[in-house]
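As structure tokens, the structure follows; a few thoughts come after it.
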Amino acid sequence: MDEAGVSNAREVLEALQHTIQRLASGPGGITRLRVRPYSATIGAPLGSMVKRMAQTKVLIARHGPLLGMAALLPPGSIVVELLPHRYDGFSSFDLFHTMSGWLGDVSHLTLAANSTDVTYTSEDDKQRYEPWTGGE
């Protein structure tokens with residue numbers, strides 16, 4: 001989560017909570033995972049950010065500066081990068097995937113919208129984003 005917001009943040013958190021519950025109830029259930037939204041602000045102390053990332057095993061974030069904090073994740077962590085609609089991150093700008101590779105022990109997954117069916121939250125957003133090309 002960050003200052004730009006996520007339009008369906010509640011639904012994302014509910015889906016993650018549901019997934020954790022299913023993992024915990026299955027054979028050999030994983031019970032130590034918790035879902036916590038995190039929003040690093042400019043005024044946050046560096047020590048606070050380092051501590052939060054050191055406690056993170058799976059970082060799910062939309063493409064943006066928060067993914068740079070993956071460098072602070074513990075070994076064996078997973079980064080899930082969410083690409084926005086029409087963003088061609090696979091070929092035009094693969095910074096965070098490359099960075100995770102440099103760490104050597106942090107896995108990186110990239111998820112992109114595979115549908116052209118987009119619902120805009122406002123007419124202003126539609127006018128602004130609809131004409132964007134993949135590279136933008």
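The values are calculated or read from the model by the stated rules, or taken from the named source; none is laboratory data. A quick note: this is a predicted structure, and the numbers were derived from the prediction, not measured. Don't worry about glycine lacking a Cβ; one is built from the backbone with ideal geometry, like all the others, and counts go over all protein chains shown. These accessible areas exclude ligands, DNA and RNA; they are computed on the full protein's heavy atoms, side chains included. Shrake-Rupley method; radii C 1.70, N 1.55, O 1.52, S 1.80 Å.
Numbers below:
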item: Sequence of 20, 60 when ordered by accessible area, the most exposed leading, probe 1.4 angstrom; result: 60, 20
item: Cα→Cβ-extended label distance, 7 Å offset, between residue 44 and residue 21, nm; result: 2.7 nm
item: Area of residue 46 that stays accessible when all protein chains are in place (1.4 Å probe, Å², to 10); result: 120 Å²
